[in-house]
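So the structure is just underneath, and the comments pick up after that.
The values are calculated or read from the model by the stated rules, or taken from the named source; none is laboratory data. Keep in mind that this is a model prediction, so the values were computed, not measured. Here the Cβ positions follow ideal geometry from the backbone for every residue, glycine too, while neighbour counts run over all protein chains shown. Remember, those area values only see protein heavy atoms, side chains included, never the ligands or the DNA or RNA. Shrake-Rupley method; radii C 1.70, N 1.55, O 1.52, S 1.80 Å.
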Amino acid sequence: MPDTPNMDGWQCPTPPAAPEQVLLGHGSGGRLSAALLRNLFIPAFRDLGLNAEEDQASLSLPCAEPNSLRLALTTDSYVVRPIFFPGGDIGRLAVNGTINDLAVGGARPIALAAAFILEEGLALSDLQRVVASMRDACKQAGINLVTGDTKVVDRGKGDQLYITTTGFGIAPPGVSLSVRNPRPGDRVLVSGTIGDHGIAIMSVREGIEFETVLESDTAPLYDLVVAMLEACPTLRWMRDPTRGGLSSALNELATTAHVGVQLTEAALPIRTEVQAACEMLGLDPLYVANEGKLVAVAPADDAGRLLAAMRGHPLGRKAALVGEVVADHAGVVTLRSLIGGERVVPMLAGEQLPRIC
Ligand code: MG
């Protein structure tokens, strides 16, 4: 009988149960990010109205009628490395990412604020390129950039450039998308291929070459959202599955709405080159970031109409129905695999791809 192989050096590094310092995993969008929110930020700001369940907060205006327009507000920081990558750059990402966090709440993006943290030594031509790209992205999405701030840190104390964007939008009356809405029987849809952004970044970092250049999918999703809401006013919830990927967005849904989610592997739209790169790098496309895709949940009867509307939009051509909300295994996401088995798709435990957005 062969000896049992010694696996001592082969265990995955799981993060300590209660870390005493900030770890890269606290920025993963997975389990550690959720713990940081739950244990540190939410207790501090709960009674000040912090909404940590959705991508945006929506506020009633003091002068407005009840049930009229609401102000939607969101903020996000961008630390992606490298700052230029196929299909985009940190500036375009900062504009589109913030627009999308408003859009998935059904809010029309109106204006942005941007704060820049610059490292001493950053080439001004690079900053100029990023700013021009932000301008393009704003024009493309029809949004204004109306205020901002610039700070500089010493050489070696930053990494070229970080951007924080804050977005303001208007949420029309009658739209109430919430992570608490989905219920068993609902269908889960994605607007296109998953993992493109994360793999585009990783391919630059790791020097992986494809036959065709794989580009980030960064795009503003508000137009697509309008088409979806028009076709399917009963839409329950949407999220842009950025860092942590589709798995993290659906795990948040399962946990918060106390439902199970069952995905079908064969239905997941994944580019061949993304699948190949994931296999090469030991990554699961379900955990890889997207920057121009959304995941949506709708009642089963309306899912076909919604899917058709998504496919009719340029940013939703590869949309697919990928799963179902179920009453079984509340709080847990599962995947029915190509060979017929079913496995749990847990929340990301550590950090798979640091500084991906
Ligand atoms: Mg988001």
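Quick notes on this structure:
- Considering segment 221-239, and only residues there that are of a type in the set (D, E, K, R) and within 18 Å of the chain's Cα centre (by Cα), the residue that is most open to solvent (accessible area, probe 1.4 Å) turns out to be D223.
- Only one entry of I117, I110, I99, I90 meets the criterion of being in contact with a Pro (Cβ under 7 Å, 6 or more places away or on another chain) and among the β-branched types (V, I, T), and that entry is I99.
- Candidate set from segment 81-94 (those that are within 22 Å of P109 (Cβ to Cβ) and either within 14 Å of the ligand (Cβ to nearest atom) or not hydrophobic (A, V, I, L, M, F, W, C) (or both)); member that is surrounded by the most Cβ atoms within 10 Å (Cβ to Cβ): L93
- T212 at pLDDT 95 or above and over 17 Å from V345 (Cα atoms): no
- Residues in segment 31-80 that are assigned to a helix (DSSP H, G or I) and of a type in the set (G, A, S) were compared, and the one that is farthest from the ligand (Cβ to nearest atom) is A44.
Residues checked against (1) in contact with a Pro (Cβ under 8 Å, 6 or more places away or on another chain); (2) more than 13 Å from L189 (Cα to Cα):
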{"position": "R243", "(1), (2)": "no, yes"}
{"position": "N251", "(1), (2)": "yes, yes"}
{"position": "T264", "(1), (2)": "no, no"}
{"position": "E273", "(1), (2)": "no, yes"}
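- Filter result (among the aliphatic types (A, V, I, L, M) and either in contact with a Cys (Cβ under 8 Å, 6 or more places away or on another chain) or not in a loop (DSSP other than H, G, I, E, B) (or both)) within segment 327-347: V333, L335, V344
- Spans of helices (runs of 4 or more DSSP H) in segment 223-326 with at least 1 residues within 16 Å of the ligand (Cβ to nearest atom): 245-257
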